[in-house]
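Report on one structure; see the data block that follows.
The values are calculated or read from the model by the stated rules, or taken from the named source; none is laboratory data. Since the structure is predicted, the reported quantities are computational estimates derived from the model, not experimental observations. Cβ placement follows ideal geometry from the backbone for every residue including glycine, while neighbour counts extend to all protein chains displayed. Note: accessible area is taken over every heavy atom of the protein model, side chains too, but ligands, DNA and RNA are not part of it. Shrake-Rupley method; radii C 1.70, N 1.55, O 1.52, S 1.80 Å.
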Amino acid sequence: MPSKKALIRRPSPRLAEGLVTHIEREKVDVDLAVEQWEAYAEALRAHGWETIEVDPADDCPDSVFVEDTVVMYKNVALITRPGAESRREETAGVEEAVASLGCSVNWIWEPGTLDGGDVLKIGDTIYVGRGGRTNAAGVQQLRAAFEPLGARVVAVPVSKVLHLKSAVTALPDGTVIGNIPKVDRPSLFPRFLSVPEEAGGHVVLLGGHKLLISASAPKTIDLLADLGHDPVVVDISEFEKLEGCVTCLSVRVRELYA
């Protein structure tokens, strides 16, 4: 049975100390970030999603980016082993949350590393970015967890951005979208649409043709609206200073068994 649940996690008071890898560090306004996070959560709820707050991890500056801690496929939750060692304490609370939903729980084990932001699911095809945070052993373990369930796992290189979904996401019809300068190999995707802004490559499918998208991609918003989609715009500027995007701030759980 389809489900519309979204795991979210309140920003840490130490958010401004979060990691940055591919961009210059900017000052983060934590109070504004909390306001933006609350508006993001409300946008999910306004479009039919039940938000489930994972216990805060106040000592983990990046913990608001809850997507990196677990990958969902069907009713299975794969708890990740983040590539940044400082983020590994984030997973415990997420494990409790998915277990409480009745998910079957698996784990990535040493020496594997995997960040959920490196995983893009399009139907039963799972693209996994092999790059700075996800290693070959992590890809192999994800493959071992999900291929027996019917998934086709495709590894793709990531070198220009933090995570695969920092470069590309997908529209409801499966077309992959991204800003060409940030995508290593657009030809690896059967259908690819170039968008004019980096932030325009990041959308969350809310249902139907509604797409959650950042306010920092106005040209892409116009493009997607012109193609018949319905952009739902949120301001996440403070999280973008930490290489975050609209996908990072929630884990969408769509296939829980009734």
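The table below gives the values:
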{"item": "Answer from GLY174, GLY200, GLY138, GLY129 - the residue that is assigned to a strand (DSSP E or B) and open to solvent by less than 20 Å² (accessible area, probe 1.4 Å)", "result": "GLY129"}
{"item": "Which numbered condition THR169 fails, given (1) in contact (Cβ under 8 Å) with a residue 40 or more places away in the chain; (2) more than 24 Å from GLN36 (Cα to Cα); (3) among the hydroxyl-bearing types (Ser, Thr, Tyr)", "result": "(2)"}
{"item": "Residue that is modelled with pLDDT of 95 or more and under 21 Å from ASP115 (Cβ atoms), where the choices are ALA41, ALA46, ALA33", "result": "ALA33"}
{"item": "Residues (assigned to a loop (DSSP other than H, G, I, E, B), among the small types (Gly, Ala, Ser) and buried (at least 22 other Cβ atoms within 10 Å of the Cβ)) located in segment 206-258", "result": "ALA217, GLY244, SER250"}
{"item": "Residue under evaluation LYS74, criteria (1) modelled with pLDDT of 95 or more; (2) touching a helix residue (DSSP H, G or I) at 6+ places or on another chain (Cβ under 7 Å); (3) over 20 Å from LEU19 (Cα atoms), criterion not met", "result": "(1)"}
{"item": "Neighbours by Cβ (under 8 Å, 6+ apart or cross-chain): first from segment 74-103, open to solvent by 50 Å² or more (accessible area, probe 1.4 Å); second part of a helix (DSSP H, G or I)", "result": "LYS74/LEU149"}
{"item": "Lone unmet requirement of (1) in a loop (DSSP other than H, G, I, E, B); (2) farther than 23 Å from GLU238 by Cα for LEU162", "result": "(2)"}
{"item": "Some residue of segment 145-154 being without any contact (Cβ under 8 Å) to a residue 40 or more places away in the chain, on the phi < 0 side of the Ramachandran plot, open to solvent by 60 Å² or more (accessible area, probe 1.4 Å) and part of a loop (DSSP other than H, G, I, E, B)", "result": "no"}
{"item": "Search result, residues across segment 48-68 that are open to solvent by 50 Å² or more (accessible area, probe 1.4 Å) and under 14 Å from LEU19 (Cα atoms)", "result": "ASP59"}
